[in-house]
1. Please report, as a whole percent, how much of the solvent-accessible surface of the range 109-150 comes from carbon and sulfur atoms (probe radius 1.4 Å).
2. Would you mind counting up the charge near HIS3? Only other residues with Cβ under 12 Å from its Cβ, with Lys and Arg at +1 and Asp and Glu at -1.
3. Helix-only mean residue ellipticity at 222 nm, the chain, DSSP H runs n ≥ 4 weighted -39,500 (n - 2.57), per residue, nearest 500. What is it?
4. Just the number please: accessible area per residue for the range 40-96, 1.4 Å probe, all protein chains included, in Å².
5. Determine how large the accessible area of GLU61 is when every protein chain is in place; take a 1.4 Å probe and give Å² rounded to the nearest 10.
6. How much accessible surface area, in Å² rounded to 10, belongs to the heavy atoms of MET45 with a 1.4 Å probe?
7. Using 0.36 nm per residue of separation minus the Cα-Cα distance, give me the extension gain between GLN53 and LEU16 in nm, one decimal.
8. Cα-Cα over 30 Å: which of LYS6/LYS93; LYS105/LYS133; LYS107/LYS133; LYS6/LYS107; LYS78/LYS107?
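The values are calculated or read from the model by the stated rules, or taken from the named source; none is laboratory data. What you see is a predicted model, and the numbers here were worked out from it, not measured in a lab. FYI the Cβ positions are ideal-geometry reconstructions off the backbone, even for glycines, and counts take in every protein chain you see. In case anyone asks, the SASA skips ligands and DNA or RNA and just uses the protein heavy atoms, side chains included. Shrake-Rupley method; radii C 1.70, N 1.55, O 1.52, S 1.80 Å.
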Amino acid sequence: MRHFIKLIEYEKWANLKVHEALVSASETDERALELFSHLLNINNMWLNLILEQPQTLTLWEKHTIEKCKELILSNTLKWTIYFGSAENSDTEKIVEFTPAYGGEKRKISIRDAITGIIIHSAYHRGQIILRLKSLVEELPLTTYPSFASFH
């Protein structure tokens, strides 16, 4: 479980770095905020699926920058509680989901779902950072090695 907890800590750290950059930007980039909302929504949606809780967000629901920070902290807390009570074998549990863009139900292990969340977030953080290039003095460095070397 330690590895998964570290991945969730990385997710929080990297998302907070992007949040800080969005707050400090010389102007609001609406697409960047939409992408940021989306990656936080996906994180929350997978978490609710794994916890067998109802979905409260939609895939492309856009949030204010303040709501984004709330989601970062809320998602992190829920994941921390989940991993604090889960057994190692729980990550091998299979969950059923319907792909976001339709199609038949599929099955995936919790381990693979978490891996997917981390990769998905990193992909969109890269897009956001590119959009912020001319709007912030210093771009956030959100790579996993940057996080892991200090934690």
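1. With neighbouring chains kept in place, the figure for the range 109-150 is 61 percent.
2. Taking every other residue near HIS3 into account, the sum is +2.
3. -20500 deg cm²/dmol
4. 55 Å²
5. It works out to around 70 Å².
6. 50 Å²
7. Length gained between GLN53 and LEU16: 10.8 nm.
8. Pairs exceeding the cut-off: LYS105/LYS133; LYS107/LYS133.
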